[in-house]
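Structure record follows, encoded as structure tokens.
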Amino acid sequence: MRGGIKSDAAIKALTTFYEKYPHYFDPEFFLDDEKGLLEQFSKRLREVGLKYNATIVPKFWMKNFQKMYTFWDGNPALLLQGVEYSEIKERILNSGKINPLHPHGFFGFREKMVSMLIYFLVEGGFADSFHFPVPIDFHALRIITAHEILTTDSGCGNLLTQEYLAAAREISLEFCRETRTNPLDLCNALWLMSRGWCRLHPGNSSEVGIYHGRKTHVGVSKKSSWTEKNTATYEKTCGMCPIKETCKFLIPSGPYYRQGRIEIRGERKEPPQMNLFI
Ligand code: SF4
């Protein structure tokens, strides 16, 4: 999650939270908006390590569950029922104004989270698979940018604009439709590739300075050179990558998570020793 908590850590903490307090996952529990419920909820989330936005998250959670109970029978799978992606998005997306008396619109749900919710509901077997844009997170953006699937005039600046995100969503949807790819498979491939391999290219590692919000310094790591260890890692990652022929750029995660930027750091290079005898 950008600037917040790592998704893996959040899921593990939520699992612990569910095991300890399952009633917080029942929309009916939130019908009584009694004083003190929110404070207790926030305290319990902190207890399991969910401290990020600990005053806002419980409020959003509670309001979303109240709407879910009132209009959707307490069942999020109904949000996906009987309509295509555009209407599903309409039902879930927070478009700026949320009316508690209207069934549409949930706090914390912009396009990426709409796709995440669809992903989890389909993956969990609560809904049939269908075409939707993959969640455009850092990992999807890294692959899309490194392979020049999308290009922009922004040059070496920050590529992370609303237009870029919208184009990335559109292209993922088109790709899945045209190649009959299950969006879940595309999500998994993007995440596995970027998190498992791309991050290990030494040019993608960063040095992060003392925390100053979006002004935190992020630079190239001193450990980015082609040491023996980095070269050996390269051989087991990029060196074996099935899409390496089209992978042109380094896209480090540091600027994204610390500064909200997608930056091209330069061309993705191979260890020089690999080309010594060419
Ligand atoms: S070549 Fe390396 S950086 Fe490019 S997609 Fe493959 S693993 Fe990622």
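Here are a few things to note about the model shown:
- Within the range 201-219, the set of residues being surrounded by fewer than 16 Cβ atoms within 10 Å (Cβ to Cβ) and in a loop (DSSP other than H, G, I, E, B) comprises 209, 210, 211, 213, 215, 217.
- Filtering the range 176-189 to residues that are within 16 Å of the ligand (Cβ to nearest atom) and either closer than 16 Å to residue 85 by Cβ or not in a helix (DSSP H, G or I) (or both) leaves 186, 187.
- Selection from the range 135-175 of residues that are more than 16 Å from the ligand (Cβ to nearest atom), touching a residue at least 24 places away in the same chain (Cβ under 8 Å) and β-branched (Val, Ile, Thr): 136, 171
- Selection of the range 117-145 for residues being surrounded by fewer than 17 Cβ atoms within 10 Å (Cβ to Cβ), in a loop (DSSP other than H, G, I, E, B) and not hydrophobic (A, V, I, L, M, F, W, C) yields 124, 125, 128, 129, 131.
- Output for the range 79-111, where each listed residue is surrounded by fewer than 17 Cβ atoms within 10 Å (Cβ to Cβ), at pLDDT 95 or above and of a type in the set (Lys, Arg): 110
- For residue 240, the stated conditions do not hold, so it cannot be described as near the ligand (Cβ under 10 Å from one of its atoms), among the aliphatic types (A, V, I, L, M) and in contact with a helix residue (DSSP H, G or I) (Cβ under 7 Å, 6 or more places away or on another chain).
- Residue within the range 220-238 that is part of a helix (DSSP H, G or I), under 30 Å from residue 122 (Cα atoms) and basic (Lys, Arg) present: no
The values are calculated or read from the model by the stated rules, or taken from the named source; none is laboratory data. Computed from a prediction, not measured in an experiment: that's the story for all the values here. FYI the Cβ positions are ideal-geometry reconstructions off the backbone, even for glycines, and counts take in every protein chain you see.
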